[in-house]
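S.K.: One structure, pasted below without further comment.
The values are calculated or read from the model by the stated rules, or taken from the named source; none is laboratory data. Predicted model, so just to flag it, every value in this text is computed and none were measured. Note: ideal-geometry Cβ built from the backbone for every residue, glycine included; neighbour counts use all protein chains shown. Ligands, DNA and RNA are stripped out before the accessible areas are found, and what is left, the full protein with its side chains, is counted by its heavy atoms. Shrake-Rupley method; radii C 1.70, N 1.55, O 1.52, S 1.80 Å.
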Amino acid sequence: MILVTGVSGSLGGLVLAGLRAQTDLEVVAGSSSGDGTTTRRLDFDDPATLAEGFRGADVLVFISAGYAEDDVVLARHGAVVDAATAAGVRHVIYTSLAGSASSATIAVPHRWTESRLAAAPFEVTVLRNGLYTEVPVGLALAAAESTAATGVFAAAFGDGRISVVAREDLADIAVRVAAEADRDLRAGSGNRHAGRTYELEGVDSLSGADIAEALGAALGRPVRYQDMALTDVRNGLSGSGLQPYQIGHTLSLFSNLKAGFLHAAGGDLRTLLPAPPRRVHDQIAAAITTPATIGN
């Protein structure tokens, strides 16, 4: 049986739907908001729910539980490893962070979790997911109104590029790995994904100038890119309503971007996907609709 955690989030929901579409698999959902009937209650902040929640699972798709300070995330992930060990889970598939972002602060709990999983008694596959396409899309949408007025897209990219990947592509790979691992376990054959770490970097990368060009096409006017200082970014984020740890992570990503660290050289994405990766530029173009809708 395959158990998918975090199904209330978009990645977990996509993985659950993809696995349930395959009729030869027994698939169970888990979430902190689970009702105990259609969805098992798995609250990473309440480890007592995990022992029962993991019962009977052979393959655990462990969607990382961020959105908190690092010590909270470490406690959550440590509880998952302990509970999976106690429940006799045979294979854990963990959604980690791509190698290109290893210098960013958001990488710390992921690398710690990878280390804990490597020391556990079950088989492990690490899916090092690239940054989501929503990162540049969100920047473009947030800047669309001011860019329409000024003809300038301002962001803290420096001369760097950011490699991003569609969440749907990452879900497709998680579905493939989980399904094949489960079938291998049931067949008693060697688990083809055991002990593997897959780098799922985006094959598309974007610069500030690329986003400016996409905005210009949507707005029907020339748009130029203007670099921002990190100090200006910090000042802008201070009144944004973000939690302090979120501001720190955001600044760290922009710092890595300026340093040129977020551009990936390659990876396993094309090898594991059944079709060519979704194009980032297409998703940006779809998100930025028409000048008439910007600012309305």
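S.K.: Please compute the modelled spin-label separation between S103 and A142, points set 7 Å along Cα→Cβ, answer in nm with one decimal.
M.R.: Going by the 7 Å Cα→Cβ label model, 2.2 nm.
S.K.: Rounded to the nearest 500, what is the chain's calculated 222 nm mean residue ellipticity when only DSSP H runs of at least 4 contribute -39500 (n - 2.57) each, over all residues?
M.R.: Details: 11 runs with 132 residues, N = 296.
Mean residue ellipticity, 222 nm, calculated: -14000 deg cm²/dmol.
S.K.: On to the next question. Please compute the per residue accessible area over the range 102-188 with all protein chains in place, 1.4 Å probe, rounded to a whole number of Å².
M.R.: Values: 3170 Å² over 87 residues.
Per residue, the range 102-188 has an accessible area of 36 Å².
S.K.: Give the span of the range 1-102's Cα atoms along each principal axis, as three whole-Å numbers ordered largest to smallest.
M.R.: Per principal axis, max minus min of the Cα coordinates gives 37, 32, 25 Å.
S.K.: Could I have the simple spin-label model distance between D71 and Q246, label points 7 Å from Cα toward Cβ, reported in nm to one decimal?
M.R.: Taking the two extended label points, one gets 2.1 nm.
S.K.: I want the antiparallel fraction of DSSP beta bridges within the range 118-204, as a percent rounded to 5. Don't jump to the answer; show the numbers that get you there.
M.R.: Working: 1 of 8 bridges.
Percentage antiparallel, nearest 5: 10.
S.K.: Toward the positive end of the charge dipole of the chain, about the Cα centre and with charges on Cβ (Lys, Arg +1; Asp, Glu -1), which of M1, A84, V280 goes farthest?
M.R.: In the chain, that residue is V280.
S.K.: While we're looking at this one, here's another question. I need the peptides 212-219, 71-78, 231-238 ranked by packing, meaning the mean over residues of other C-beta atoms within 10 angstrom, with the highest value on top.
M.R.: Working: 212-219: 20.1, 71-78: 17.2, 231-238: 13.2.
Ranking, from highest mean packing down: 212-219, 71-78, 231-238.
S.K.: Something else: Considering amide H positions built from the backbone, and no H for Pro or chain starts, which residues 5 or more places from S163, or on another chain, come under 5 Å of its amide H?
M.R.: L206, H263, A264
S.K.: Using R₀ = 22 Å, calculate the FRET efficiency as 1/(1 + (r/R₀)^6) where r is the Cβ-Cβ separation of R20 and R55; round to 0.05.
M.R.: Details: r = 20 Å, r/R0 = 0.89.
With a Förster radius of 22 Å, E is 0.65.
S.K.: Given the chain, what percent of its DSSP beta bridges are antiparallel, to the nearest 5? Don't skip to the end; give the middle numbers.
M.R.: Values: 4 of 35 bridges.
DSSP beta bridges in the chain are roughly 10 percent antiparallel.
S.K.: Quick query: amide H of A154 versus all other amide H atoms, modeled in the peptide plane; which residues come in under 5 Å with a sequence gap of 5 or more or a different chain?
M.R.: So A154 has HN proximity to Q226.
S.K.: Further question: If the viscosity is 1.306 mPa s and the temperature 10 °C, what translational diffusion coefficient in µm²/s does Stokes-Einstein give for the chain when Rh comes from Kirkwood over Cα pairs?
M.R.: Details: Rh = 20.3 Å.
The estimated diffusion coefficient comes to 78 µm²/s.
S.K.: How far apart, in nanometres, would the label points at A259 and T271 be if each is projected 7 angstrom from Cα along the Cα-to-Cβ direction?
M.R.: Using points 7 Å along Cα→Cβ, the separation is 2.7 nm.
S.K.: Further, regarding this structure: Per residue, how many Å² of accessible area does the range 193-267 show with a 1.4 Å probe? Each step should come with its number before you reach the end.
M.R.: On the way: 3750 Å² over 75 residues.
For the range 193-267, the per-residue accessible area is 50 Å².
S.K.: How much of the accessible area of the chain, probe 1.4 Å, is carbon plus sulfur, in whole percent?
M.R.: Numbers: 6830 of 13050 Å².
Ligands and nucleic acids excluded, carbon and sulfur reach 52 percent.
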